[in-house]
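Below: the structure, in structure tokens.
The values are calculated or read from the model by the stated rules, or taken from the named source; none is laboratory data. Note that the structure is a prediction, hence the values are computed from the model and not measured. Cβ: placed from backbone, ideal geometry, glycine included. Neighbour counts: every protein chain shown. Each accessible area value is taken on the protein alone, full model and side chains, heavy atoms only, with ligands, DNA and RNA left out. Shrake-Rupley method; radii C 1.70, N 1.55, O 1.52, S 1.80 Å.
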Amino acid sequence: MTYRSRFPALLLPFALLALIPKHALEVVMSPAEQQLRTLLATYETSLNAGDAGRIEQLYAEDGVFMPAGFATASGRSAVRGAYDAVFANIRIAIHFTVDELTVKGDVAYARTHSAGTATVVATGASGPEQNRELFIFARGANGWKIARYIFNKAS
């Protein structure tokens, strides 16, 4: 093969690279995935604001909150009480990252991790807060709600 016959073959990969779009590939989410991500963002905002009343509304009527190191709270009123107790003791400033989000009909789950800070109300002492979480969602007449939520410290 001569120089002239190899030259076009060497340029082919570079020519193909020029055809690749310069913008990032757009991720297409289903309406359910978008709604669930919005729900998680609202939960994050409400958690950071210490708004137990708003968080209560994000849970299904029979929702269950299973915080690490505390009793399980079943039903909206118990969930509200658990969050009221949490916020009486600590203030949270965290951000959730969705690691996995799966929708199967009217049930979905999200595996997330969070990082930020927690401040003890009584002392003002602050430190890092990192957890891994599992949310299970149910879709009902009022849209998507948190059906079950559990978290623990990442090891």
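Observations on the model:
- Across segment 79-87, not a single residue is classified as of a type in the set (D, E, K, R) and assigned to a strand (DSSP E or B).
- Residue check for A68: in contact (Cβ under 8 Å) with a residue 12 or more places away in the chain and under 27 Å from P128 (Cβ atoms): yes
- Some residue of segment 40-61 being over 18 Å from I150 (Cβ atoms), out of contact with any Gly (no Cβ under 9 Å at 6 or more places or on another chain) and hydrophobic (A, V, I, L, M, F, W, C): yes
- Out of Y109, Y59, one residue alone is buried (at least 18 other Cβ atoms within 10 Å of the Cβ) and touching a residue at least 12 places away in the same chain (Cβ under 8 Å). It is Y59.
- Within segment 68-84, being modelled with pLDDT of 95 or more and open to solvent by less than 60 Å² (accessible area, probe 1.4 Å) holds for A73, G75, R76, A78, V79, G81, A82, Y83.
- Test for R54: is it open to solvent by 60 Å² or more (accessible area, probe 1.4 Å), part of a helix (DSSP H, G or I) and under 15 Å from A110 (Cβ atoms): no
- The one condition from (1) within 18 Å of A138 (Cβ to Cβ); (2) in a strand (DSSP E or B); (3) open to solvent by 20 Å² or more (accessible area, probe 1.4 Å); (4) of a type in the set (A, V, I, L, M) that A93 does not meet is (1).
- Lone qualifier among I146, I136 - being part of a strand (DSSP E or B), under 16 Å from R76 (Cα atoms) and free of Cβ contacts under 8 Å to residues at least 40 places away in the same chain: I136
- With respect to the conditions (1) exposed (fewer than 13 other Cβ atoms within 10 Å of the Cβ); (2) at positive phi; (3) touching a residue at least 24 places away in the same chain (Cβ under 8 Å), S30 lacks only one, and its number is (2).
- The listed residue being closer than 28 Å to S126 by Cβ, within 15 Å of the chain's Cα centre (by Cα) and without any contact (Cβ under 8 Å) to a residue 40 or more places away in the chain, out of D51, D99: D99
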